[in-house]
1. Go through the range 126-143 and report how many residues are part of a strand (DSSP E or B) and near the ligand (Cβ under 9 Å from one of its atoms).
2. Considering only the range 148-168, how many residues are surrounded by 11 or more Cβ atoms within 10 Å (Cβ to Cβ), free of Cβ contacts under 8 Å to residues at least 24 places away in the same chain and more than 17 Å from residue 131 (Cβ to Cβ)?
3. Determine if the range 134-145 includes at least one residue that is outside the structural domain of residue 10 (by TED's automatic domain parsing) and within 17 Å of residue 7 (Cα to Cα).
4. With the condition kept exactly as written, say whether any residue in the range 147-164 is part of a helix (DSSP H, G or I), at pLDDT 95 or above and more than 16 Å from the ligand (Cβ to nearest atom).
Ligand SMILES: [Zn+2]
């Protein structure tokens, strides 16, 4: 389970930032460097609240489906949901654990994108051409490959969802881990 520790910590940190800052101060950045115009009574950032709710629900649903034992109450702090997830799926089957790691990785990337960190896709290999050079397209909500020779069958540049990148990343890790043993 050690190989997911960094991704879990990052996912947790991202969720914590979204939960504690964006939820309450939709008009300022996470660092608080920009002057705030938020007035009392400013509504919550509904998009962020939805995002957090959806992510937590996905984790809880999967944990409750796969956990060998009853999962008990959820943690008090929303960002602790990933530790709770790992704890309750530690003895689940290998496929369930792989699926869990993919969910955590994807959510870690989704939190980064929600926080405006579009660079998160740059460290991922393109699943099509296996080179680095992906760029996030906010409109399409996909990572576009900038390699001019990486084309689909219609001759258009290829692009990937975060789910696809997360799956590739975890499967690559799994292959490396198997080779190492
Ligand atoms: Zn490519």
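The values are calculated or read from the model by the stated rules, or taken from the named source; none is laboratory data. This one's a predicted model, so the numbers in the text were calculated from it and none came from an experiment. Cβ coordinates were reconstructed from backbone atoms using ideal geometry, including for glycine residues, and neighbour counts include every protein chain displayed.
1. We begin by selecting, within the range 126-143, every residue part of a strand (DSSP E or B); these are 134-137, 142-143.
Imposing the further condition that a residue be near the ligand (Cβ under 9 Å from one of its atoms) reduces the set to 134.
Here the count works out to 1.
2. Number satisfying all stated conditions: 1.
3. Let us first name the residues in the range 134-145 that are outside the structural domain of residue 10 (by TED's automatic domain parsing), namely 134-145.
Of the ones still in play, those that are also within 17 Å of residue 7 (Cα to Cα) are none.
Looking through the range 134-145, none of the residues is outside the structural domain of residue 10 (by TED's automatic domain parsing) and within 17 Å of residue 7 (Cα to Cα).
4. Taking the range 147-164 as the starting set, the residues that turn out to be part of a helix (DSSP H, G or I) are 162-164.
Cutting the leftovers down to at pLDDT 95 or above gives us 162-164.
The next check asks that each one be more than 16 Å from the ligand (Cβ to nearest atom); those that pass are 163.
Yes: one or more hits.
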